[in-house]
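Peer 1: Just dropping this structure here.
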Amino acid sequence: MSEKLKTIVFTGKNELQIEEFDMPEISEEEVLVKIEACAICTWEQRAYTGVNKVEYPFVGGHEMVGHIVAMGSNVDHKAWKINDRVAVGVNLPCGNCYQCKSGNEQSCENFSHSIPLRGIPYKGMGGLSSHIAVRPQNIFKFDNVPSVEATITEPLSCVIRSVQQADIQLGDVVVVIGCGIMGLLHVLVAQKKGAMVIVSDTNEERTALALKLGAKYAINPAKENLKERVAEITDGIMAQVVFDTTPIPAVVSDAISILANCGKMILYSSFHPDKPVEFSPDWLHHVSTKLMGTANSNARDFMMATRMISQGSIDMKPFISEVYPCEQAKEAFESAIKGDKFRVVVTFD
């Protein structure tokens, strides 16, 4: 009996089931990747709970890693080998629009989480499947770490894109608002750029971890005035870069208040609910600050992420909260949506 493709399918709000299909046949230009592990991103959590609207049935999952089990005849057999361990990424940009052709795949004009993948009968990113057929330009080699840890490649690549956009300079003061997994990854990467990092979060267990990971100061805005404390730490200069990694619109005003003249604020997270925020355009004009958004990542970011993980530059162990086999996908999602963990990972044996 031939092996089947096993897929975790969202069938409705807070509903999923495991389905099996024939294994996808790869084209001459594709490889077949056996998915070993896929982390449950906040995006999938919101799709599961109905916050992110998707067309059911839907196959989520975009933080996936595995190994190559089959290769098309036209694939470069010098560059790729059977059993190469790979992260799968940048398969959502169209590759044809102005932004993609300009090297900005992360800002693709046609970026979609719901592109049907060949071999999977439903729309979606497909990572919550046992196998996926992809082109070599969408895979990135990694080594030296367990697959469950390597699932953080995609989140790390997005943070690398964010930090690159901020253009941190040696000696900059960086404030990271929010100490979830994305905030803590910002702490780690910003340090690599030579910044002194301050974190802000009401969860003191997480700020304690941020300090352990190298942040210099931690502020609890429920107990301290954020602006006054940053002014005290920086001798009134304030922060050259602020990363807001929270989904809360009201936090944006606090983030703006701690920017130095010529400072840059990066809105990293999507916002829920998406409500307008106020700021003074005259202030923006006079002090030359920059307000920027960032989302997703490109091939260069993925390459950097896999190299940093493989070389041990960044330890992914603190971000793996729980691991479940795919047969317990329901339990994995119910645990993930509690919001008290970093990453819950689903494995495919």
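The values are calculated or read from the model by the stated rules, or taken from the named source; none is laboratory data. Just so you know, these numbers come straight off a predicted model, no measurement behind them. Counting neighbours? That spans all protein chains shown, and the Cβs are built from the backbone with ideal geometry, glycine included. Remember, those area values only see protein heavy atoms, side chains included, never the ligands or the DNA or RNA. Shrake-Rupley method; radii C 1.70, N 1.55, O 1.52, S 1.80 Å.
Peer 1: So which residues in region 97-121 are assigned to a loop (DSSP other than H, G, I, E, B) and either without any contact (Cβ under 8 Å) to a residue 12 or more places away in the chain or in contact with a Lys or Arg (Cβ under 6 Å, 6 or more places away or on another chain) (or both), if there are any at all?
Peer 2: If the condition is that a residue be assigned to a loop (DSSP other than H, G, I, E, B) and either without any contact (Cβ under 8 Å) to a residue 12 or more places away in the chain or in contact with a Lys or Arg (Cβ under 6 Å, 6 or more places away or on another chain) (or both), then S102, S114, P116 are the ones that fit.
Peer 1: Answer with yes or no whether V59 is crowded, with 20+ Cβ neighbours inside 10 Å, β-branched (V, I, T) and over 22 Å from N138 (Cα atoms).
Peer 2: So V59 does not fit the description; no.
Peer 1: Go through region 214-228 residue by residue and tally those that are open to solvent by 40 Å² or more (accessible area, probe 1.4 Å) and part of a loop (DSSP other than H, G, I, E, B).
Peer 2: Number satisfying all stated conditions: 6.
Peer 1: For M303, only one of the following conditions fails: (1) closer than 24 Å to D172 by Cβ; (2) assigned to a helix (DSSP H, G or I). What is its number?
Peer 2: Of (1) closer than 24 Å to D172 by Cβ; (2) assigned to a helix (DSSP H, G or I), only one is false for M303: (1).
Peer 1: Right, here's the next one. Considering only region 1-29, state which residues are in contact with a strand residue (DSSP E or B) (Cβ under 9 Å, 6 or more places away or on another chain) and open to solvent by less than 20 Å² (accessible area, probe 1.4 Å).
Peer 2: Result: L5, T7, I8, V9, F10, P24.
Peer 1: Y48 fails exactly one of the following numbered conditions: (1) over 18 Å from the mean Cα position of the chain (by Cα); (2) among the hydroxyl-bearing types (S, T, Y); (3) not in a loop (DSSP other than H, G, I, E, B). What is the number of that condition?
Peer 2: If we test Y48 against (1) over 18 Å from the mean Cα position of the chain (by Cα); (2) among the hydroxyl-bearing types (S, T, Y); (3) not in a loop (DSSP other than H, G, I, E, B), just (1) comes out false.
Results for (1) in contact with a Pro (Cβ under 9 Å, 6 or more places away or on another chain); (2) modelled with pLDDT under 95; (3) within 28 Å of V252 (Cα to Cα); (4) surrounded by 17 or more Cβ atoms within 10 Å (Cβ to Cβ), shown as yes or no for each residue.
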position	(1), (2), (3), (4)
A295	no, yes, yes, no
D301	no, no, yes, yes
M304	no, no, no, yes
R307	no, no, no, no
S313	no, no, no, no
V323	no, no, no, yes
E327	no, no, no, no
F333	no, no, no, yes
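Peer 1: List every residue pair whose Cβ atoms sit under 9 Å apart, with the two residues 6 or more apart in sequence or on different chains, where the first one lies in region 51-75 and is within 15 Å of P116 (Cβ to Cβ) and among the aliphatic types (A, V, I, L, M) and the second, anywhere, is open to solvent by less than 10 Å² (accessible area, probe 1.4 Å) and part of a strand (DSSP E or B).
Peer 2: From residues that are within 15 Å of P116 (Cβ to Cβ) and among the aliphatic types (A, V, I, L, M), the pairs are V54/F10; V59/T7; V59/I8; V59/V9; V59/F10; V59/S129.
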